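Notes follow the structure.
The values are calculated or read from the model by the stated rules, or taken from the named source; none is laboratory data. Just so it is clear, the model here is predicted, and its values are computed rather than measured. With ideal geometry, Cβ positions are generated from the backbone for all residues, glycine too; neighbour counts draw on all protein chains shown.
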């Protein structure tokens, strides 16, 4: 299944647009990218841990991204619920 979506999240005093794309793998993870306040693109992976928490992984992930893992994980969970509900709705047709 291809799940791709964007969310605008307030991190600190700023709003950032995060782009998510689910990656096929034996474990849940998403490629995420966002533009920082200087216009530089930051790319990283959000992976679900064994404790069912979402964690950011990548090289040079900024601290403000790491600090927002709970908000990013919540956005992923909400989108997956919506996606699954949509699948059920269309399967009943």
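Residue 56 falls short on exactly one of the conditions (1) more than 11 Å from the chain's Cα centre (by Cα); (2) part of a strand (DSSP E or B), and that condition is (1).
If only residues of the range 36-53 that are more than 10 Å from the chain's Cα centre (by Cα) and under 17 Å from residue 79 (Cα atoms) are counted, the one that is surrounded by the fewest Cβ atoms within 10 Å (Cβ to Cβ) is 52.
If you filter the range 59-70 down to residues that are in a loop (DSSP other than H, G, I, E, B) and in contact with a strand residue (DSSP E or B) (Cβ under 7 Å, 6 or more places away or on another chain), you find that the one that is surrounded by the most Cβ atoms within 10 Å (Cβ to Cβ) is 68.
Return the total of residues in the range 6-28 being assigned to a strand (DSSP E or B) and either within 8 Å of the chain's Cα centre (by Cα) or touching a residue at least 24 places away in the same chain (Cβ under 8 Å) (or both).
Taking the range 6-28 as the starting set, the residues that turn out to be assigned to a strand (DSSP E or B) are 6-11, 14-22.
Narrowing the set further to residues that are either within 8 Å of the chain's Cα centre (by Cα) or touching a residue at least 24 places away in the same chain (Cβ under 8 Å) (or both) leaves 7, 9, 11, 18-21.
Number of matching residues: 7.
For the range 36-53, name all the residues that are in a loop (DSSP other than H, G, I, E, B) and at negative phi. Give the derivation first.
First pass over the range 36-53, keeping only residues in a loop (DSSP other than H, G, I, E, B): 36-40, 49-53.
The answer is 36, 37, 38, 40, 49, 50, 51, 53.
Against the criterion of being at pLDDT 95 or above, part of a helix (DSSP H, G or I) and touching a strand residue (DSSP E or B) at 6+ places or on another chain (Cβ under 6 Å), residue 75 qualifies. Every condition in (1) surrounded by 11 or more Cβ atoms within 10 Å (Cβ to Cβ); (2) not in a strand (DSSP E or B) is met by residue 33 except one, and the failing one is (2).
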